[in-house]
Structures are given as structure tokens and as C-alpha cells.
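Structure record follows, encoded as C-alpha cells.
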Amino acid sequence: MMTQDVCNLLGCNLLGCISKPPWSKPLNWNLHVTRTGEGRIPFHLYVQCNNAEHPSSPSQCLLFPEFAQLPPELQLRILASCSSPTLWQAMRASSALRVEAAKLFWADEDTYYLVESQWLLGGGYPGDTWYDLSFARHAQNVQVEYDALAEEEQIGPMVDAVMEVQHDVVRDFWRTFTDWLPSARKVIINQSWASAPERLNGHGHPLPSCLDILIRSSPPTINVLGLILEKEDPDDAWIDRFSDRWRRALYQPAREGEWRKAEPSPVRTVVFMPVKEFNGPVGRFQRLKCFGTGIWQRQNALGPLIIEYVERHHFGGGRSEPLSCLCPGCDALFHKAGQWTLHVLRSHFWLIQDWMGGRGMNLLSEEARRDFSTHKRNLDADHSALREDWRSTLKEWCQDGGRRREIREGWIHQLENDAAWYTGQDALESDLWQLFTEEMGWV
Ligand SMILES: [Zn+2]
């Protein structure tokens with residue numbers, strides 16, 4: 001069993017996106033993995049029926065026609081047993097069911113919708129996010145992605161080695177949060193990277209100082225927890241960020257400044273909210289950025305997917321076939337599910353990075369190579385299509401005949417008039433326009 005979740009920081013996060021045995025669902029080919037090595041699922045895949053992550057049967061997915069004739073109590077009982085994809089369909093298909101289905105859909109306690117702390121700290125402007133903010137208003141469980149390094153500089157900059165807490169920054173963070181996410185009841189702030197030693201809070205206080213302050217300043221109507229990376233032994237100064245003795249841990253605030261360890265749900269899913277419509281010239285460019293990020297996250301997922309695939313091949317479906325390490329020159333042999341995963345994460349991290357970069361496929365069995373090359377071909381096709389869109393945007397920008405001026409005016413008009421892309425900045429000073437012109441100049 002993989003209960004000793006001990007790896008270096010990225011490996012520790014990657015371990016969380018590798019399903020543990022016994023496997024009751026198929027391999028999730030739709031997995032997306034973030035820069036910090038954490039598994040996520042985009043909303044359109046989360047509510048898609050019959051996919052690998054949510055293998056609902058067709059009958060479960062499509063509510064049968066006689067459903068409306070059933071007594072209301074029976075309808076409610078059936079709805080209560082439906083999966084999230086089915087509830088999402090019911091919310092859109094039938095006005096009679098919409099209210100009850102929506103209540104159940106949003107109340108699902110194992111699904112968390114994701115926002116970035118940098119977006120909240122930046123004032124929460126619609127133009128600075130790809131998410132559809134009308135959706136955000138309904139989210140009851142929210143996960144805030146908090147990397148720590150930039151956030152700590154904003155919340156508690158160090159002045160002459162002393163932290164100066166910016167209470168106005170913390171207050172604005174929560175004000176922005178409640179403005180856009182008024183239905184949130186449970187929030188996990190996910191610090192996905194370790195704080196520097198001077199940012200820690202001393203013995204007996206597991207949360208770094210800035211995260212501690214942020215959570216304790218949250219509105220009383222929201223239950224806020226902190227998900228951190230912590231040392232196995234907090235007092236061991238030899239454990240640095242290259243050590244494999246780290247683990248993820250969830251904490252809830254308790255009385256008198258204390259923290260209580262909480263048990264995360266084993267089936268918790270973190271979902272990217274639906275993206276907004278990418279209209280106009282601003283949307284067209286931001287679509288390229290958003291889709292490009294999605295492809296990169298699918299590419300990142302290759303590492304954990306290969307590990308899980310190999311483990312399943314040897315120990316899934318009632319099999320128990322000894323597994324020889326795939327790393328060239330390593331003769332380690334494993335007899336139990338999960339042992340090789342920990343070994344490869346601890347001892348051959350370069351190999352995982354190779355797989356995440358689409359290399360090292362020759363080490364896989366012929367069957368695995370075939371399955372992964374199909375997956376890789378799909379990724380490459382999406383990448384080519386995106387590159388084509390990119391080229392045509394660039395061509396329009398670079399061509400002679402005044403098209404560049406027209407594009408510029410289109411951008412200014414949209415940034416000044418389209419609420420979905422409002423940034424709080426003058427159009428030509430905005431980060432969106434600056435990024436566009438920089439990237440058009442780079443290529
Ligand atoms: Zn090995």
C-alpha cells in the first residue's frame with residue numbers, strides 16, 4: 001500500500017495523481033497535471049458521460065422519458081442517486097428538475113472548483129481569468145491554488161528579515177473572493193510548494209505564517225482549510241526540498257491558534273471551472289493561451305499515467321506479476337502494487353520527467369508503447385491545430401496593408417467595452433495587450 005507518501009516536492013505532488021490499488025475505474029486518459037505536479041480535470045470532461053473518469057452507463061446518463069410521470073418523492077430519490085454528469089444534464093434538460101438537480105449538483109462534497117490565488121490577489125478582474133465567472137457564483141466547494149512564493153511576498157514581505165503583514169491585502173483577498181464566489185461554504189487553500197524556513201511558524205504550528213494569517217482572516221461563514229506540503233519530521237533540519245521525506249497534509253483551524261489535522265476524502269476531485277466564451281480578438285488570443293496550457297497539462301500527465309499503467313498491468317485485475325524496474329541499469333524487482341511507484345518517484349525522477357516530455361517511450365512494453373503512442377498522436381494533432389491557429393493570428397498581425405492597425409483598434413474596443421475582458425487597466429497599458437504584442441514580436 002502507498003501510505004508512505006514520501007517523495008521530493010514535485011514527486012510528492014505527482015503521487016497524488018496516481019490512482020492507488022485496487023483500481024475500480026479505468027485509467028484516466030483525460031488527466032491534466034499542473035506545473036506543480038497535481039492532477040486536475042476540466043469541467044467539460046467532468047460532466048461528460050461515459051468517459052474514463054466517470055464511467056456512468058447510458059441509462060444512468062439519460063433520464064428515461066417516463067421519469068416526469070413518477071411521483072415527486074420517487075423522482076427526488078432517483079436524482080439523489082445520480083452522478084454529477086447526469087445531474088448536470090438534468091439541470092439543462094428539464095425545467096421541472098432543474099432546481100432539485102442543481103441543489104444536488106452543487107452540494108457534491110467531493111468536488112472542488114478551482115481558482116488561482118494570484119487572480120484573487122490581483123483584484124479578481126474578469127479579464128485576468130479564463131473561467132466563466134457566472135458559474136463561479138454557484139460553487140460551494142472551492143480550492144484556491146496558492147503556490148506560496150509570490151503569495152508570501154504579497155501577504156507578508158520581509159523587511160530587514162522581519163515579516164510585515166499586509167492586512168489590507170488579506171482583507172481585499174477575502175472581499176474579492178466573496179464577491180465572485182458568494183456561495184462558497186468550504187474552501188481548501190492548496191499551498192502546493194514548500195515555504196522557505198524563515199516563513200515557518202515555529203514548533204507545533206504546521207502552517208507557514210502567511211497561510212496561517214490568510215486562513216484565520218477568512219469570513220466566518222466559510223469553513224477554510226489549508227492543504228500543505230510538510231516534512232515528515234518538522235524538526236529535522238536535514239530535510240530540504242530535495243529530500244524524499246515530504247508529505248501532503250490537510251489542516252483545519254482549531255482554538256487558540258492551534259491546527260487540527262483533517263482527513264482528506266479519498267475521492268476528492270478538483271475541477272477547472274468552465275471557460276468563458278473566447279469572443280473577439282482578445283478572446284481569440286486568450287483561447288490560444290488557454291488551449292495551449294491544456295495540451296501542456298495533458299503532456300505532463302504522461303509521467304503519472306505511464307507509472308499507473310505499468311502498475312495496473314502487473315497488479316491490476318487480480319494479477320500479481322513481479323515487476324522489474326524499467327529504468328536502464330536498475331535491477332530492482334517489486335512484488336506488491338505501489339512499491340515500484342514509490343521507487344521510481346524517489347530514485348529515477350529524471351525518467352518521469354522524460355516521460356512527461358514525451359521521451360523514453362522505448363522503455364515501455366510493446367502493448368504500452370502502442371497505447372501511449374495513440375494517446376501521444378492525439379496530443380500532437382491538437383498541438384498542430386493550435387499551432388496553425390497561432391500562425392494565422394501571427395500572419396494577420398505581420399502582413400502589410402494596415403491589418404495591424406485594425407487588430408489594435410479591435411483590441412482597444414473590446415478591452416474598453418467587453419465586461420468579460422475588463423482588466424481595470426487602460427487598454428494599451430493592460431497586461432493582456434502587452435502580452436499579445438510581446439508574443440507577436442517574439443515569434
Ligand atoms: Zn529502479
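Below are the figures for this structure:
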item	result
Residue-averaged [θ]222 nm for the chain, counting only DSSP H segments that reach four residues, each worth -39500 (n - 2.57)	-13500 deg cm²/dmol
Between the stretch 328-348 and the stretch 207-238, the alpha-carbon center distance in angstrom	32 Å
Theoretical gain in end-to-end length, S243 to R98 [0.36 nm per residue, Cα-Cα removed]	47.2 nm
Mean Cβ count within 10 Å, highest first, over the residues of peptides 97-110, 145-158	145-158, 97-110
Amide N proximity, the stretch 106-126 versus Q154 label position 7 Å along Cα-to-Cβ, cut-off under 16 Å	115-126
Gap separating the Cα centres of the stretch 257-320 and the stretch 372-443, nearest whole Å	25 Å
Calculated FRET efficiency for the pair V169/E416, C-beta based, R₀ 22 Å, to 0.05	0.20
Beta bridge orientation in the chain: antiparallel %, DSSP, nearest 5	45 percent
Cut-off under 5 Å, modelled amide H: who pairs with A262 long-range	L250, Y251, Q252
Paramagnetic reach from A68 in the stretch 93-117 [backbone N under 11 Å; point 7 Å along Cα→Cβ]	94-97
Gain on full stretching of the segment that runs from N378 to E263 - 0.36 nm per residue minus C-alpha separation	37.7 nm
Sparse-neighbour loop sites [chymotrypsin sites (Phe, Trp or Tyr not before Pro); the stretch 300-408; at most 14 other C-beta within 10 Å; DSSP]	none
Dipole magnitude of the chain, debye to nearest 20 (Cβ charges: Lys/Arg +1, Asp/Glu -1, about Cα centre)	1300 debye
Dipole of the chain [Lys/Arg +1, Asp/Glu -1 at C-beta], most positive-end residue of L87, L435, Q339	L87
Charge-dipole axis of the chain as Lys and Arg at +1 and Asp and Glu at -1 on Cβ define it, positive-most pick from A139, Q252, S209	A139
Separation in nanometres of the label points that stand 7 Å from Cα toward Cβ, at E367 and D331	2.7 nm
Nitroxide proxy distance, nm - points 7 Å out along Cα→Cβ at F135 and Q118	2.1 nm
The chain - percent relative contact order, Cα under 8 Å, separation 6 or more	19 percent
Charged-residue dipole, Cβ positions (Lys, Arg, Asp, Glu), the stretch 389-443 about Cα centre, Debye nearest 20	280 debye
Given charges at beta-carbon only (K, R positive; D, E negative), |dipole| of the stretch 143-298 in Debye	1020 debye
Evaluated over the chain, the Cα radius of gyration and Dmax, each in Å	23.7, 72
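Here, each number is a calculation from the coordinates, and none is a lab measurement. Note that the coordinates shown come from a computational prediction; the quantities given were computed from them, not determined experimentally. Reconstructed Cβ throughout: ideal geometry from the backbone, glycine too, with neighbour counts over all protein chains shown.
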